[in-house]
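Presented below is the structure to which this report refers.
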Amino acid sequence: HAPSLDLIDALLERGAKIIAYDPTAQANVAARYGKKVACAPNAQDVLHHADFLVILTEWKEFCATPPQEFLCLNDKTIFDGRNCLDPHLMATTGITYFCVGRGNATVLQQPHFVPAVHSTFTSEL
């Protein structure tokens, strides 16, 4: 039982469209959600079709991505639940970056930012 499944369930209840990337669980995602959740074949496909990114697993495809490549996200926002990205690099790139337990310097630049359900949501499972 992965926390990402709880998040996906909650967002689907609120009308979100989700594109997920998990190279080890694509079949499980398809079996559980059917067409309710799109499965991306690679990390780049997620980035180019999403409003924002939620990282819940330390996939090297996201952790090794140069910060400027995240700028293709429509809302240029990342929620990093694994602390696999450098918050200072994200800030210098112009990404609104939320991380867990180590401060959110880039959030302070946008004090009125409130995450909302968007038309497309990304996560890895």
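Details
- Accessible-area ranking of ARG102, ARG14, largest first, probe 1.4 Å: ARG14, ARG102
- Treating r as the C-beta distance of ARG32 and THR92 and R0 as 30 Å, the FRET efficiency rounds to 0.20.
- Surface/4 of the Cα convex hull for region 45-93, nm²: 3.0 nm²
- Accessible-area rank, largest first, for LYS76, LYS36: LYS36, LYS76, with all protein chains present and a 1.4 angstrom probe.
- Heavy atoms of ASP45 accessible to a 1.4 Å probe, total area in Å² rounded to 10: 50 Å²
The values are calculated or read from the model by the stated rules, or taken from the named source; none is laboratory data. These numbers were taken from a predicted model, which means no experiment stands behind them. Using ideal geometry, Cβ is built from the backbone for each residue, glycine included, and neighbour counts are taken over all protein chains shown. All accessible areas refer to the heavy atoms of the entire protein, side chains included, with ligands and DNA or RNA removed. Shrake-Rupley method; radii C 1.70, N 1.55, O 1.52, S 1.80 Å.
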